[in-house]
Amino acid sequence: MTRILLLGGTTEANLVAQAIARAGLAGVYSYAGRTEAPMGQPIHMRVGGFGGVEGLRSYLKAEGISHVIDATHPFAAQMSSNAVAACAAEGVPLVALERAPWVAGEGDKWTQVPDIPAAVTALAGPPQRVFLAIGRQHIDAFAAQPQHMYLLRLVDEPTAPLPFPADVVVARGPFDVAGDTALMQDHRIDVVVAKNAGGKGAVAKIAAARALGLRVVMIDRPMIPARPVVRTVAEVMAWLNG
Ligand code: NAP
């Protein structure tokens, strides 16, 4: 019997959940539990880590999972690596729905960096107004460049004091170019720091930076072990039916 584990937390995963529900298949949508109020889904939901590779292996067995779809964010490298290892060990087929990375085009002023520490280094220099558009997890590293005024956009209101001076906007994507252009103008942003997430839900800030002629410090994706990858929800559904 088909019983799907969908590793989620992204716009793409939400679309897969809708397709699974429409197809009348049994599936569980898994959230890490990073946000206070995760979006409701049309299939069963569970929240929280599995407990590493061993925990995920136990979960797959206990729940009789027949297929795993990894539709996590391209920067959720730990979860994706764990899924590769656990599925291989348990003989459960795995597919990743992975968005193509963004590529710099005409008018883009990107400084490409391999990781968060390199992004911090790339901000060395005189004070600027920085849109730090990387979510909440790794912002502490930017305390090493405290001369800047930062703008943060977070899903939840921060619960602890921030490690540097910052304006905070609480909002949940997807965002649009007009809105992101206005946001950057209102906050007189000089430079944007972004993860190369790919996809449509987060690209508005990149297009807005291009339109405003702003520099973007673009953080490359982390390495994830080899696994079958598809680009669309339709391909995920074809894989399930294959
Ligand atoms: P991560 O570093 O790869 O994962 C760290 C640990 O969190 C994993 O080992 C796992 O714990 C747990 N975890 C992560 N995703 C999970 C999921 N979907 N279901 C159950 N447990 C999960 O991941 P992350 O970068 O913190 O991202 C966490 C979640 O936020 C993911 O669902 C991702 O899709 C979403 N997200 C991430 C980003 C980003 O920039 N990283 C952006 C947007 C959305 P155990 O080892 O205990 O199983």
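Is it fair to say Arg57 is within 28 Å of Val203 (Cβ to Cβ) and either within 11 Å of the ligand (Cβ to nearest atom) or open to solvent by 60 Å² or more (accessible area, probe 1.4 Å) (or both)? Considered against the rule, which asks whether it is within 28 Å of Val203 (Cβ to Cβ) and either within 11 Å of the ligand (Cβ to nearest atom) or open to solvent by 60 Å² or more (accessible area, probe 1.4 Å) (or both), Arg57 comes out as no. Here segment 106-117 is the region considered, the condition is being over 22 Å from the mean Cα position of the chain (by Cα) and closer than 12 Å to Val216 by Cβ, and the residue that is least open to solvent (accessible area, probe 1.4 Å) is Gly107. Scanning segment 12-41 for residues that are of a type in the set (S, T, N, Q) and under 23 Å from Leu56 (Cβ atoms) gives Asn14, Ser30, Thr35, Gln41.
Yes/no matrix, rows are residues, columns are (1) farther than 27 Å from Ala143 by Cα; (2) of a type in the set (A, V, I, L, M); (3) open to solvent by 30 Å² or more (accessible area, probe 1.4 Å); (4) at pLDDT below 95:
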site: Ala160; (1), (2), (3), (4): no, yes, yes, yes
site: Phe164; (1), (2), (3), (4): no, no, no, yes
site: Val168; (1), (2), (3), (4): no, yes, yes, no
site: Pro174; (1), (2), (3), (4): yes, no, yes, yes
site: Thr181; (1), (2), (3), (4): no, no, no, no
site: Arg188; (1), (2), (3), (4): no, no, yes, no
site: Val191; (1), (2), (3), (4): no, yes, no, no
site: Asp220; (1), (2), (3), (4): no, no, yes, no
site: Val230; (1), (2), (3), (4): yes, yes, no, no
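Scanning segment 1-50 for residues being open to solvent by less than 40 Å² (accessible area, probe 1.4 Å), of a type in the set (Val, Ile, Thr) and away from the ligand (no atom under 13 Å from the Cβ) gives a total of 3.
Of all positions in segment 101-117, at least one carries a residue that is more than 16 Å from the ligand (Cβ to nearest atom) and under 24 Å from Glu235 (Cα atoms).
Here's the yes/no breakdown for (1) in a helix (DSSP H, G or I); (2) of a type outside the set (Val, Ile, Thr):
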site: Ile189; (1), (2): no, no
site: Gly199; (1), (2): no, yes
site: Ala202; (1), (2): no, yes
site: Lys205; (1), (2): yes, yes
site: Ala209; (1), (2): yes, yes
site: Val216; (1), (2): no, no
site: Arg221; (1), (2): no, yes
site: Ile224; (1), (2): no, no
site: Arg227; (1), (2): no, yes
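Which residues, counting only those in segment 118-141, are outside any loop (DSSP other than H, G, I, E, B), open to solvent by less than 20 Å² (accessible area, probe 1.4 Å) and either over 23 Å from Arg210 (Cα atoms) or among the β-branched types (Val, Ile, Thr) (or both)? Selection gives Val120, Val130, Ile139.
Here His73 fulfils each of the conditions (1) over 19 Å from Pro222 (Cβ atoms); (2) touching a residue at least 24 places away in the same chain (Cβ under 8 Å); (3) open to solvent by 50 Å² or more (accessible area, probe 1.4 Å) apart from (1). Of the residues screened, Glu63 is one that is modelled with pLDDT of 95 or more, open to solvent by 40 Å² or more (accessible area, probe 1.4 Å), of a type in the set (Asp, Glu) and more than 9 Å from the ligand (Cβ to nearest atom). Somewhere in segment 142-153, is a residue at pLDDT 95 or above, under 30 Å from Val233 (Cα atoms) and open to solvent by less than 50 Å² (accessible area, probe 1.4 Å)? Yes, segment 142-153 contains at least one residue that is at pLDDT 95 or above, under 30 Å from Val233 (Cα atoms) and open to solvent by less than 50 Å² (accessible area, probe 1.4 Å). Determine whether segment 79-90 contains at least one residue that is under 17 Å from Gly201 (Cβ atoms), within 13 Å of the ligand (Cβ to nearest atom) and either without any contact (Cβ under 8 Å) to a residue 12 or more places away in the chain or crowded, with 18+ Cβ neighbours inside 10 Å (or both). Within segment 79-90, none of the residues are under 17 Å from Gly201 (Cβ atoms), within 13 Å of the ligand (Cβ to nearest atom) and either without any contact (Cβ under 8 Å) to a residue 12 or more places away in the chain or crowded, with 18+ Cβ neighbours inside 10 Å (or both). Cβ separations smaller than 8 Å between residues 6+ apart or across chains give the following pairs from segment 56-69 residues that are touching a residue at least 40 places away in the same chain (Cβ under 8 Å) and polar (S, T, N, Q) to residues that are open to solvent by 40 Å² or more (accessible area, probe 1.4 Å) and not in a strand (DSSP E or B): Ser66/Met1; Ser66/Thr2; Ser66/Pro93.
The values are calculated or read from the model by the stated rules, or taken from the named source; none is laboratory data. Not measured: the values here are computed from a predicted model. So basically every Cβ, Gly included, is an ideal-geometry build from the backbone, and we count neighbours across all protein chains shown. Side chains included, ligands, DNA and RNA excluded: accessible areas come from the protein's heavy atoms. Shrake-Rupley method; radii C 1.70, N 1.55, O 1.52, S 1.80 Å.
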